[in-house]
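Single-structure report; data block below.
The values are calculated or read from the model by the stated rules, or taken from the named source; none is laboratory data. A quick note: this is a predicted structure, and the numbers were derived from the prediction, not measured. Cβ sites come from the backbone with ideal geometry, for glycine too, and all protein chains shown count toward neighbours. Just the protein is used for accessible areas: all its heavy atoms, side chains included, with ligands, DNA and RNA removed. Shrake-Rupley method; radii C 1.70, N 1.55, O 1.52, S 1.80 Å.
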Amino acid sequence: MKTITKKIIYILLFVVASTGALFAQTTKPAAGVSGVLLDENGKPMDYATVSLLKAQDSTIVKGTLSSESGSYIFDHINAGTYIIKASVVGYQKAASKVFTVTAGSPVITVPAIKLLPASQSLNTVTVTATKPLIEHKVDRTVMNVENSVLAAGNSAMDILERAPGVSVDKDDNISLQGKQGVTVMINDKLTYLSATQLATLLRSTDGNTISSIELITNPSAKYDAAGNSGIINIKLKKNKQAGTNGSVTLGGGYGSYGKDDETLSLNHKEGNLNIFGTFSHDDNKRSQNIGIKRTTTDTGKTTYFNQVTEMPQVNHNNSYRLGADYDISSKNTIGFVASGYFDGENDYNETHTYIGKSFAEVDSSLHTVSLIHQTYHDIALNLNDSWKIDTAGQQLSADLDYSSFRNGSIAGYTTDFSLPDGSVQHPEAFLGNITPSNIDIRTAKVDYSDPLGKSLKFETGLKFSDVKTDNNLLQTMDENSPYISNNRFVYDEKIDAGYINFNKDYKNFSVQVGLRGEYTQSSAVGDSSNVVQNIPRHYFDLFPSLFLDRTINDKNEINFSYSRRIDRPQYDNLNPFVYHLDPYTYQKGNPYLKPQYTQNFQFNYTYNKNITLSLGYSRTTDVITQIPGTDPTTKVSFVTQENLQVQNSYNVNLYAPYTVAKWWEGNVNITGFYLGFKSNGLEGSNLNDGQAAYQVRATETFTPLKGYKLEVSTDYQSALVYGLFNVKPQYSTDAGISHSFDDKKLNIKFSVSDIFNTRTNDVTSNYANNNLDITQKRETRIARLTLTYNFGNNKIKARQHQSGADEEKNRVKGAN
């Protein structure tokens, strides 16, 4: 089956690519336009922005950069009248005279264009640009955190919790517009991590290294099909300024405990070589309190449990990123990146469990102390190549990736039982766990794009991934006895994928249609108490996508999108190991989980290119959901994962930026949604539950004085239903102020998150025999002071590749 399906994908891609190439070859060739740019001394002007415009309305047809010899060329130009415009930082803009291209004419040579200095004394110019904190584009929402006051000193997870439409629950599961199943990418690359491991990665990623966060609710076939609620793409900073430069960031904070963070970034660009590196360290002790009230009923008798847990946590995080880009030519760039982290975490959990005939009438209790030491080590290597085949936009890119995660945990649990007569017993005085976990990820992909004419674009690509996780659980009941391996779980997953995309532009209408195929083979092998279970799976899926965009006039635009997506079970959700909070509470995985599938529909209306209204509907089958359970005999409560039958989601989103005054700008993002769940025969009952909910986030930016910037952000999420859990409202307000000194080399930021200390994660569950009331309060009110100093050459010479061709550079894979 594997061989057949792979051959089908390859043949399909080859036929489509061959058809596209044949179409391009048999189409009547269009003319070419070439020329040269000179400076005031008649020498070649290299790396200037060159644009080909229609003479009639100055519409940009194509853009490129001049070569080292000052030359440029545009291929496949249709008949018409045109002009050439050239620009570069530090020089006046220049334009050619109007010229005419006729059908079948040879390459037209435009007379040399001379660019003159904007000022005789201007040798260098500092390039600065200010983007709004929130940008809403046709296919995604972008949160520009690079210069945000609220990002200073925070981790990637902290920043993500403040993104529009994003929420993070008590177990670090990320939701977008109320739906779980988000795929998180970093620099356009999948992380392939479980929720716990992803949370570790995001908490060890310094917010000062992030450029922007992209929220893509309905991705095209070019992206992996994983993620039923969409993709969150975290873009890291990438400095490409000339010469040697860098920055040092020092920060400190205080909530319940003190914190510190430090980041050093260096960049060197000389000629065709660009070398960059970043190292970050932080120490973070934080508090967390959890309360769980639950009841169990057996033969008409109800027992009440009231658990109160203090969970202070100490993290020492270290992350790094080193890389280099080399321009083999003006069209071909190769790059190498090595990144990773090495973190340590110490948890001291103290749980008091009160047991009785009611919450007020207690007859016995438990006192459990757990000491947990965890280590996380990751290294990721990437080799990439990007080749701009011609100026018409034909491009080929390739990536090879390898990631290795080595995680470990050593835990010791001590429990005292206080009986009704006042005596104390130690039936399980000590329980020790050692849980090493190894993950290896290998991926390879290639992407090709080709404009098959002025208004038609073809894209195709292949991707192969191989993921293996190896987990072991060693236990002992005696502090002085050896640890014995009781469980081992190995999961191996291979995915072969290919996609095709066609994009056709008409006068006021565009269509994009895509198809992605993914063949998955996985094997889950568990060895528990000498009983081996092997759960193999093989399946092939097609994921179509469709995007329609209609420009009604200058102020009104509508678009419609559809895609089919998949969510495979997270690795830790498949792992059947049991992890205890105390003798009466634990969580475990489910190796029999199936993937869930989602059909996504979305309609968008944009007014005046900034106010956007979106309507969406999605239907998910075999919904992977957290399910609480209770054994009525032992009265032990647990949490695991199950597949529910159906989830229906309806959502509406309104995004509106506004300007109150020259010094006051803001935006509001309002999301309303309904989540409904249905599943028959779940724990002996039929589930049919749902609730309408909404989320509001408003951000205000003030610049009352030159050099000062004040940001205030407020968000509110109403109560909602997710699976068997009722989530209570959440709300918070953040604020920060920044000021720059020494020609913007030194920047100071002060911020306070959750000023009123109102953010909590509280849920209840009342289904079948489960009655839970969970309250969780993390350390959310934190004051931070951050200083950043930029050093070295922060000015861009007038004749550098970075002189302003933003549109053209964004065509190159990985460019920021």
Residues being at pLDDT below 95, hydroxyl-bearing (Ser, Thr, Tyr) and surrounded by fewer than 22 Cβ atoms within 10 Å (Cβ to Cβ) - total across region 233-255: 2
Condition test on residue 749, is it within 20 Å of residue 252 (Cβ to Cβ) and of a type outside the set (S, T, N, Q)? yes
Considering only region 364-374, I want to know if a residue exists there that is in a strand (DSSP E or B), closer than 30 Å to residue 264 by Cα and either in contact with a Gly (Cβ under 8 Å, 6 or more places away or on another chain) or touching a residue at least 12 places away in the same chain (Cβ under 8 Å) (or both). yes
Pull up region 287-331, narrow it to residues that are open to solvent by 50 Å² or more (accessible area, probe 1.4 Å) and of a type in the set (A, V, I, L, M, F, W, C), then point me to the one that is nearest to residue 345 (Cα to Cα). 308
The one condition residue 753 fails out of (1) more than 26 Å from residue 259 (Cβ to Cβ); (2) open to solvent by less than 60 Å² (accessible area, probe 1.4 Å); (3) among the small types (Gly, Ala, Ser) is (1)
What residue, among those in region 412-455 that are modelled with pLDDT of 90 or more and among the aliphatic types (A, V, I, L, M), is farthest from residue 372 (Cα to Cα)? 446
Can you go through 646, 623, 636 and tell me which one is in contact with a Lys or Arg (Cβ under 7 Å, 6 or more places away or on another chain) and open to solvent by less than 30 Å² (accessible area, probe 1.4 Å)? 646
When you go through (1) open to solvent by 40 Å² or more (accessible area, probe 1.4 Å); (2) under 24 Å from residue 565 (Cβ atoms) one by one for residue 641, which number turns out not to apply? (1)
Which numbered condition residue 681 misses (of (1) at positive phi; (2) open to solvent by less than 40 Å² (accessible area, probe 1.4 Å)): (2)
Could you grab me the full set of residues in region 265-308 that are β-branched (Val, Ile, Thr) and either part of a strand (DSSP E or B) or modelled with pLDDT of 90 or more (or both)? 275, 278, 290, 292, 295, 296, 297, 302, 303, 308
What are the residues in region 720-743 that are within 16 Å of residue 677 (Cα to Cα) and not aromatic (Phe, Trp, Tyr), if any? 720, 721, 723, 724, 726, 727
Within region 382-399, how many residues turn out to be assigned to a strand (DSSP E or B) and surrounded by 20 or more Cβ atoms within 10 Å (Cβ to Cβ)? 5
Selection within region 45-78 - more than 16 Å from residue 331 (Cβ to Cβ), open to solvent by 20 Å² or more (accessible area, probe 1.4 Å) and in a loop (DSSP other than H, G, I, E, B): 55, 56, 57, 58, 59, 78
Extreme residue, least open to solvent (accessible area, probe 1.4 Å), among residues of region 708-736 that are part of a loop (DSSP other than H, G, I, E, B) and free of Cβ contacts under 8 Å to residues at least 60 places away in the same chain: 718
